[in-house]
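**Q** Can you read through this structure? Questions will come right after.
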Ligand code: ME8
C-alpha cells in the first residue's frame, strides 16, 4: 500500500489581548486554504492554531478591564473561535497555552534545558517592550523606542534565567545556509543572518519575576517562564511531544509554519535553537508573510485602527473576504486593505467573471434544454480544444503555485479558466446558434463544455472559498459526496453525465455599488446627502478621492537654500517621531531658511517622490498664495503634535 503523505501546518498562536482583526485573519485564512488544498489533493493534514495567553501584556490588559486574566482570555478566545467558524477555518486542533497539556510539557522542557546546562541564573537589566513581549539592548532601539513596533520600552531590572543562545548560533547559521527553504521568502533570510546572527547572538532572558501570569519555573517558583519560550513550544506540545505513540511522530517536523514578518526573529532564531537544544528536527519552512496595511499604516490590535473581519464577513460573505485576502496581495509582500479595493475585487472577479459565467450558462441550459444536460456531439476542433486543454492543465498549475505558497498566483491561474470560459461564450454566441434548429448539436456541445468547465472551476476553488463551490455543485446537480467534487475527477474531461439535470440558483455574488458601500460602512463619518452623491458634478471630486490624500502635520527641522535656484529651498521635516522627509519647496522668496525651523506645517505625505533640480522631494508643504503673489505656509490653529492627521 502506498504510504499516505502527511502535511503539518501552523499559524502563530494569537494573543487574546483584544478581538482579532482582518490582518490576523489573513494568516489563518491562508493557512486554512493551504491545509484544505493539501487535504483535497490526498495528504493527511494536521492544521494547528490557537492562542498565546500568558505574559505581562495579557495580565495588564486583564487588569485594565478589571477582570481576572483567565476570565479575560476565556471571553476573547470564545470570540476568536466564533470568528474562525465564521470564516470556515477547518483546524484540526486549537491549542491554548493555559491548558495543562501545554503547561506541563513546557515546564518539562524548561527543566531539561536547565539540567543540560543551557539555562543559567543571572540578572536582567535592560529594556523590554511589553506589546511585543521582547527584550532589547540599548543599541537595538530606534530613537529610544522598540525597533519593531515603535512604542516606548520599559527599563526592567530583575533576577532571571538566561538561555545560552550563543552556543547554537553557528549551527543555526549553517542550517539556514544549507536549507534554502527554511526561511521563506528568501529575502527574509539575509535580514536574520546579517542583523541578528552575524553581529553575535546574545543570551536570551527566559524568565520573569515581576508578575505571575505565566507558567511557573518548576524548580524556582518566583519565576514564570518567558512568554515566547512558552508560546513557541505550542507547535510541539499540541502534538503530544514526549509521549509515546503521539501524533508528534507522524507530523513533526512541520512542513510550513506561517507567520507575519513581525515575528520572524522569534521563529527563525529562538525557535530553531530551542529545538536544537531538544535534539529535534527543525521545521521545513518558516514563511514570513507581509503586512496588511491601511492607508495610514499597519493595522494592529493595540492601535485601535483594526478592521473587524466579522463585520466584513457578515456583510459581504466569508467567501468574498477569503477570496480578497488570498488574491489581492502576492503572498509575502505588504498590501493595502481598503474597502474600495475589496468591493472592486468582488465586482470584477466574483460578480463579473465567476458569477456571470455560472448564471449565463445555467440560464442558457434551462432556456435551450429545459435544464437537461445535452450530449456533446459537435466539436469545433478549435475553441473546444482550447477550453478543454486549459481546464486539464489548470489543476496542476494551481497545485504548483499553492505548494510554493504563491496563493495569489494560484487563484490567478484558476481565473484564467474562468475568463477563458466567458470568452468561449462570446466566441460561440449560443443565442445565435439557438435561432436555427439545425445547430442544436453544436449548441448542446457548447453548453456541455461550459458546464464541465464550471465543474472544474468549482472543484479547484473549494480550498480557497469553501461555500461558493457548494452552491455551484448544487446548481449542477452534483451531490455532496460525489466523486465529481474530488481532485481525481479532474484527470479527465467529460465527467458530467449527459441527461443529468441542472438548475439555475441565486446569483453567487450580486454586484455592489461602491459609493453606497463606502457610505454605509463609514456611516459614523460625515457624508454628503444622497442626492449630492449620486448626481454627476463636473469638476468635483468624491469624498473617497479626497481621502486618498494623506495630509499630516509635519515639523520643520532643517532648511537651506538650493544653490543656483533662487526660488527653491530644501526643507527637512519630521512626521511623528521618526518619519523624516526632505522636500523641495518654492518658497525661497517668501521665507528665510532659519525662520522655518520648528514650524508645524500642513504636509502631503503620500506624493510619489520626484527629483527637482537633482534634489529628491518626498512630499509637499501646503501654502496659500494671494492674487498679489504673497505666500504663507499653512499651519494649524492650535499646538498639534507632528504626525497628526488632517482631514
Ligand atoms: O505575535 N497584517 O500574536 P499576535 C498581516 N502571540 N498579518 C498580521 C497583521 C497585519 N496587519 N497583524 C497581525 C503574536 N498579523 C504572538 C505569536 S507564535 C508562537 C506567538 C498576524 O496576536 C501575523 O501573522 O500579535 C502576525 O505574526 C500575527 O498576526 C501576530 O499576532
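The values are calculated or read from the model by the stated rules, or taken from the named source; none is laboratory data. What you see is a predicted model, and the numbers here were worked out from it, not measured in a lab. Glycine also receives a Cβ, built like all others from the backbone with ideal geometry; neighbour counts cover every protein chain displayed.
**Q** Given the options 212, 181, 148, 222, name the one that is over 24 Å from residue 285 (Cβ atoms) and assigned to a loop (DSSP other than H, G, I, E, B).
**A** Going through 212, 181, 148, 222 in turn, just one is over 24 Å from residue 285 (Cβ atoms) and assigned to a loop (DSSP other than H, G, I, E, B): 212.
**Q** May I ask you to say which residue of 376, 395 is more than 22 Å from residue 326 (Cα to Cα) and either modelled with pLDDT of 95 or more or not in a loop (DSSP other than H, G, I, E, B) (or both)?
**A** 376
**Q** If you don't mind, there's one more thing I want to ask. Do you know which residues across the stretch 234-263 are within 18 Å of residue 99 (Cβ to Cβ), within 16 Å of the ligand (Cβ to nearest atom) and assigned to a loop (DSSP other than H, G, I, E, B)?
**A** 238, 239, 241
**Q** Can you tell me how many residues within the stretch 385-409 are within 21 Å of residue 333 (Cα to Cα) and touching a residue at least 40 places away in the same chain (Cβ under 8 Å)?
**A** Count: 8.
**Q** Would you confirm whether any residue within the stretch 298-306 is free of Cβ contacts under 8 Å to residues at least 24 places away in the same chain, within 15 Å of the ligand (Cβ to nearest atom) and closer than 22 Å to residue 56 by Cα?
**A** yes
**Q** OK, next. Condition test on residue 348, is it out of contact with any helix residue (DSSP H, G or I) (no Cβ under 9 Å at 6 or more places or on another chain), closer than 30 Å to residue 494 by Cα and in a helix (DSSP H, G or I)?
**A** Yes: the conditions hold for residue 348.
**Q** Residue 545: within 29 Å of residue 339 (Cα to Cα) and loosely packed, with under 12 Cβ neighbours inside 10 Å, yes or no?
**A** In short, yes.
**Q** Do we find that residue 195 is free of Cβ contacts under 8 Å to residues at least 24 places away in the same chain and within 22 Å of residue 168 (Cβ to Cβ) in this structure?
**A** Here the answer is yes, as residue 195 does meet what is asked.
**Q** If you don't mind, there's one more thing I want to ask. Quick check: anything in the stretch 225-233 modelled with pLDDT of 95 or more, in a loop (DSSP other than H, G, I, E, B) and within 11 Å of the ligand (Cβ to nearest atom)?
**A** Within the stretch 225-233 (the criterion being modelled with pLDDT of 95 or more, in a loop (DSSP other than H, G, I, E, B) and within 11 Å of the ligand (Cβ to nearest atom)), the answer is yes, since at least one residue qualifies.
**Q** How about the stretch 269-290: which of its residues are within 28 Å of the chain's Cα centre (by Cα) and away from the ligand (no atom under 16 Å from the Cβ)?
**A** Hits for the stretch 269-290 are 281, 284.
**Q** Tell me, which helices (runs of 4 or more DSSP H) lie completely within the stretch 1-106 with 1 or more residues that are in contact with a strand residue (DSSP E or B) (Cβ under 8 Å, 6 or more places away or on another chain), at pLDDT 95 or above and within 12 Å of the ligand (Cβ to nearest atom)?
**A** Per the criteria, 22-40, 69-86.
**Q** Take the stretch 429-478 and flag every residue that is assigned to a loop (DSSP other than H, G, I, E, B), touching a residue at least 24 places away in the same chain (Cβ under 8 Å) and within 42 Å of the chain's Cα centre (by Cα).
**A** 462, 463, 464, 465, 466, 477
**Q** Something else about it: Name the residue, out of 394, 363, 348, 429, that is crowded, with 18+ Cβ neighbours inside 10 Å and in the same structural domain as residue 469 (by TED's automatic domain parsing).
**A** Within the list 394, 363, 348, 429, the selection yields 394.
**Q** Any residue at all in the stretch 248-270 that is farther than 19 Å from residue 185 by Cα and free of Cβ contacts under 8 Å to residues at least 12 places away in the same chain?
**A** Looking through the stretch 248-270, at least one residue is farther than 19 Å from residue 185 by Cα and free of Cβ contacts under 8 Å to residues at least 12 places away in the same chain.
**Q** Among the residues of the stretch 271-297 satisfying the criterion of being free of Cβ contacts under 8 Å to residues at least 40 places away in the same chain and in a helix (DSSP H, G or I), which is surrounded by the most Cβ atoms within 10 Å (Cβ to Cβ)?
**A** Filtering first and then ranking leaves 271.
**Q** Next up: In the stretch 171-189, is there at least one residue being more than 27 Å from residue 290 (Cβ to Cβ) and touching a residue at least 60 places away in the same chain (Cβ under 8 Å)?
**A** Yes, because at least one residue in the stretch 171-189 is more than 27 Å from residue 290 (Cβ to Cβ) and touching a residue at least 60 places away in the same chain (Cβ under 8 Å).
**Q** Turning to a different aspect of this structure: When the stretch 184-209 is examined, which residues are found to be over 14 Å from residue 159 (Cβ atoms) and assigned to a strand (DSSP E or B)?
**A** Of everything in the stretch 184-209, those that are over 14 Å from residue 159 (Cβ atoms) and assigned to a strand (DSSP E or B) turn out to be 184, 204.
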